[in-house]
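What follows is a single structure, written as structure tokens, with notes after it.
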Amino acid sequence: MHTATATIFTWPLVAHLGSRLPLGQEDVATVPFFNLWTLEWNAQRFAHLLQHYWDAPIFAPTRGAFARSEAQPLTGAAFAVLRSAFGSVGGYNLVLIGFLVLNGIAGARFARIIGASLAAAILVGIAAQTLPFVFAQLGVLQLVCVFPFIFAFERLIAYQRSRRLVALLQLGAWFVVCALTSGYYAIFLAIMLLVAAPVMLIGVVSIKRLIAHVAITAIGIAIVVSPYLLSQQHLTTGEHWSLSTVANLSAQPSDYLDRVPGRVALPVLRDDGNNNGIQESPGVYLVALALVGAVSGWRQGQRRIVTALLTASGVMFTFSLGLHLSIRGWKPYRMLYDHVPGFDRLRSPFRYSVGVQLCLVMLAAFALARLCTWRPRGGTLFAVGSILLVTLDVVPFGAALTTVPNVASMGWVKYLERAPRGTIAMVPFPPTGHVGDFLDTTVGMLAGLEHGHPMVNGYTGLFPAEFDAPATSGGLWSAMDDFPSWCGAEQLHQRKVVYLVAARAWFTPARAAAIDSLGYRELFRDRTAVVLRDTMQYRLTDECA
């Protein structure tokens, strides 16, 4: 059932399974292409038993470049299997559809553990599949994977009822799944469980038993996850997002009342046309259904679950405000940023809103469960109508797709496949740090996995300091601002760049002459790019040093 539902919701994608990727709310395809590259790199490394896993061939000669973004190893493993049968783009899209299916199954599973009928469980699963945040973020693959949250809460309820270690170990397994699909979400889930677990368990499970079970589960999680997380942490020591970036990507309370353009024009709380393109708003119908569910669950005697979900949603709402929340000048999130490891690497506090929406769906499950038992036929029809309103208020019909270029067929890629190995630079460099300016860079990264040469530039989450964009004075980006120039050429040579791959549209006669004067000689050209080789030795001058 949930497979069919996910297929209906993504029917434009299914029709172009092997050639296009969804954009979600992304303006350009930079992030989807980057995620495709991430999965491809994972697949390549699995084929080589994870050798040099963190040393992705970007930002050469920097080591550990892959540690600066969401590595998604578990997602990459699933992709590696699917790619062999359905190709690269097809494998990516099937992973995404699989995430949506699992989101639905998780929602249905949660509904069943609180006593919902099969019909109600299916409706809850649909609500979980059409989470507003998820559909807005279809272009950011790892943010679609919300099922570990719901499964973890379902296992928390199971542990409360059974007090058996196996239920807590299963919760731990879902935390591991979360950590290996999205580091962001692992932190979010940890926060939600830290808030919800005391509400659910204190006074129900003896403290001695609880401490023992939690310790065993934590050790199990650490054994599986710590080698991955600690190595990534070590390779990015000292790197973090600036306070200004975190502030810019913190939510405002009013964002929860906004409506993202492109959804069906149903009544909303507010639509002033100034939405920032971020889907914090859960939609008025989901909020209403969750409020009814909270009351219904409370009356049914499931007060601990309702309290835990309300508390977790309140905490996640507060966290989503990030640096915008100030209490008489004191900013709680700044304390976390300064003193709690990992928080300074969370660029986008607005993403905590996914936790708010997940809690609302789980609260709505109580309402749907009650409706389906109220007047057997009429109540079920009313429940179906409620989910229809929730879905129509969320799903963006005619979702945007982007075609993935066939880099393996490009002439310059085939040429470099046969050329002696050497670092390449894709020129021009992005003019600013805006994500849209890196579209050609991500295409070059996909091409790099075909021709096998490392790149001196690239795209990632946290940029290495010497490559940061926009660049600080003396960095590679600043030197390449006015390339072709001696300073730019010397910086490239210092990084042992052998080849330039210049975009044909940029490679004007004037630039061709300037590049020739710097000692680069043309080797190959096709309709998209020109390949040149460095034939001179440079020495950094005082002017460029």
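The values are calculated or read from the model by the stated rules, or taken from the named source; none is laboratory data. All of these numbers come straight from a predicted model, not from anything done at the bench. Here the Cβ is made from the backbone with ideal geometry for all residues, glycine too, and neighbour counts use every protein chain on show. In case anyone asks, the SASA skips ligands and DNA or RNA and just uses the protein heavy atoms, side chains included. Shrake-Rupley method; radii C 1.70, N 1.55, O 1.52, S 1.80 Å.
With both labels modelled 7 Å from their Cα along Cα-to-Cβ, the T237 to A190 distance reads 1.8 nm.
Centre-to-centre, using Cα atoms only, the range 348-366 and the range 98-131 are separated by 14 Å. For the set K496, K331, the ranking by accessible area, highest first and with no ligand, DNA or RNA atoms included, is K496, K331 under a 1.4 Å probe.
Centroid-to-centroid, using Cα positions, the range 502-527 and the range 23-96 are 31 Å apart.
Other residues whose C-beta falls under 12 angstrom from the C-beta of G422 contribute a net charge of +3, scoring Lys and Arg +1 and Asp and Glu -1. How much accessible surface does W174 have with a 1.4 Å probe, in Å² rounded to 10? It works out to around 70 Å². The Rg/Rh ratio of the range 50-141, with both radii computed over alpha carbons and Rh defined as the Kirkwood radius, is 1.13. Averaging the sequence gap over all C-alpha pairs within less than 8 Å and six or more residues apart, then dividing by the number of residues, gives the chain a relative contact order of 18 percent. Counting only protein chain heavy atoms and rolling a 1.4 Å probe, the accessible areas of T311, T181 rank, largest first, as T311, T181. Taking the 0 to 90 degree range and rounding to the nearest ten, how far is the long axis of helix 30-47 tilted relative to the main principal axis of the chain, both from C-alpha atoms? The two axes meet at around 90 degrees.
Summing Lys and Arg as +1 and Asp and Glu as -1 over all other residues whose Cβ lies under 14 Å from the Cβ of L189 gives a net charge of +1. Subtracting the Cα-Cα distance of Q300 and R377 from their residue separation scaled by 0.36 nm leaves 25.6 nm.
Contact order, relative form, for the range 91-229: 21 percent (alpha carbon pairs under 8 Å, 6 or more residues apart, mean separation divided by residue count).
Considering helices alone, the calculated mean residue ellipticity of the chain at 222 nm is -17000 deg cm²/dmol, with DSSP H runs of length four and up weighted by -39500 (n - 2.57) and normalised per residue. Ignoring ligands, DNA and RNA, what percent of the accessible area of the range 420-525 is carbon or sulfur (1.4 Å)? Reported share for carbon and sulfur atoms: 55 percent. Computed over the chain, the quotient of the alpha carbon radius of gyration and 2.2 N^0.38 Å is 1.05.
At a probe radius of 1.4 angstrom, the accessible area of the chain per residue rounds to 42 square angstrom.
Averaging the sequence gap over all C-alpha pairs within less than 8 Å and six or more residues apart, then dividing by the number of residues, gives the range 415-484 a relative contact order of 34 percent.
The order of D255, D338 by accessible area, most exposed first and with a 1.4 Å probe, is D338, D255. Taking only protein heavy atoms and a 1.4 Å probe, the accessible area of the range 1-112 is 63% carbon and sulfur.
Rolled with a 1.4 Å probe across the full set of protein chains, the surface gives M1 an accessible area near 130 Å². Need one number: % antiparallel among DSSP beta bridges in the chain, to the nearest 5. Once the DSSP bridges in the chain are tallied, antiparallel ones form about 65 percent.
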